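Remarks on the structure that follows.
The values are calculated or read from the model by the stated rules, or taken from the named source; none is laboratory data. Please read all numbers here as calculations on a predicted model, not as lab measurements. We place every Cβ from the backbone using ideal geometry, glycine too, and count neighbours over all the protein chains shown. Heavy atoms of the whole protein, side chains included, go into the accessibility calculation; ligands, DNA and RNA do not. Shrake-Rupley method; radii C 1.70, N 1.55, O 1.52, S 1.80 Å.
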Amino acid sequence: MHELSIAESIVRVAGDHANGRRVTKVYVKVGHLRQVVPSALAFSFELVAQGTPVEGAKLALEEVPVTARCRSCGVESRLGAFPLLCNSCGSADLRIVEGEELMVESLEMEEA
Amino acid sequence: MHRTAVKKVVMESVLDANDALAQANRDRFDTAGNYVINMMSSPGAGKTALLERTLEKLRGKLRLGVLEGDVQTTLDADRLARFHVPLVQVNTDPGFGGECHLDANMVRSGLTELPLDDIDVLVIENVGNLVCPAEFKVGEDARVMVYSVTEGEEKPLKYPLMFRSADLVLVNKVDLLQHLDFDLDLFLANLDAVNPGVERILTSARTGKGVDEWCSWLQSRKPLS
Ligand SMILES: [Zn+2]
């Protein structure tokens, strides 16, 4: 259950940036390659936020699909499943452009 | 009093803190001249049995050290203690029934008890789990995944995270192939689908098959002094 560790990190990052204000919403970007189960993350988040400035905050998850650029033909593909193959030439030699994100984007807080 | 909401842009990677600690571990390993392997697998894939074989084979040939990650037992460490290599056990956080992976900070806490200067190759035996360990760098040079043929052919497609991040896959328990309905070619095709061309060695801790090849791989990793 790496969602628990990830939730702990999200709460810590949000808390660090809140400067004592109460956080009401946390926007997080999660790439599909991270294999995060959204419901498990939401559950963990609620649990570990208790007793912190983030307690009760809403977790807004934005899931990012996989985009990769082919090193053979240069075409960029949007990929929904494994194997990850170039949509144009079928090559497996791809550079991941999007889909590995795990990022706290922004917070909503109450005015101090 | 009326309270208005304010929005603050953060843009901080969730794993930054772990990655920074992993880099600090990395620096220590470099200073001591260690090559570090993060060994990962499902529970019961045979990591410890394979390590026993490895320690036996490389005794006197390579200065190995082991950092053992485990959920609140010392069983695995007991099995390895008889080889008299530097060995430390890190029990993972028992908070919610035990963490399912080692992170950089847990590894750091174990390093103080290892004589790093006397080690060529440090093997970090991660907690048995097919998803979580892959997410956390601990300062390793290479990731070695142990996969048992009893786990079926489909796991690389269902749990690509770890398979994608492996530098070497030890396909273990191949002595059981004759008794199993396991299609090795299909498994290897699935492996290549998520990690094209990744190195692989077929092993059996029971018969010793592939252990020489795996040990040679390890010996080739010894840092030049
Ligand atoms: Zn292409």
Kindly provide the set of residues from the range B:1-35 that are at pLDDT below 90 and of a type in the set (Val, Ile, Thr), ordered by number.
B:Thr4, B:Val6, B:Val14
Tell me, which residue of the range B:158-171 that is at pLDDT below 95 and among the charged types (D, E, K, R) is most open to solvent (accessible area, probe 1.4 Å)?
B:Lys158
Considering the range A:63-77, residues that are farther than 24 Å from B:Lys155 by Cα and more than 14 Å from chain B (Cβ to nearest Cβ), and then whichever is nearest to the ligand (Cβ to nearest atom), we arrive at A:Cys73
Every residue from the range B:172-191 that is within 20 Å of the chain's Cα centre (by Cα) and open to solvent by 40 Å² or more (accessible area, probe 1.4 Å):
B:Lys173
Any chance B:Met40 is touching a residue at least 40 places away in the same chain (Cβ under 8 Å), within 14 Å of another protein chain (Cβ to nearest Cβ) and not in a helix (DSSP H, G or I)
yes
Report, ordered by the first and then the second residue, all pairs with beta carbons closer than 6 Å, sequence separation of six or more or different chains, a first member in the range A:58-74 that is modelled with pLDDT under 95, and a second member that is charged (D, E, K, R) and within 13 Å of the ligand (Cβ to nearest atom).
A:Arg71/A:Asp93; A:Ser72/A:Asp93
Filter the range A:78-97 for residues that are assigned to a strand (DSSP E or B) and crowded, with 18+ Cβ neighbours inside 10 Å; the one that is nearest to the ligand (Cβ to nearest atom) is A:Leu94
Taking the residues in the range B:141-158 that are in a helix (DSSP H, G or I) and among the aliphatic types (A, V, I, L, M) as candidates, determine which candidate is farthest from the other protein chains (Cβ to nearest Cβ).
B:Val149
For the range A:21-42, pairs from a residue that is free of Cβ contacts under 8 Å to residues at least 40 places away in the same chain to a residue that is in a strand (DSSP E or B), with Cβ under 8 Å and 6 or more apart or across chains, are A:Pro38/A:Val30; A:Pro38/A:Leu61; A:Pro38/A:Glu63; A:Leu41/A:Val30; A:Leu41/A:Leu59; A:Leu41/A:Leu61; A:Ala42/A:Leu59; A:Ala42/A:Leu61
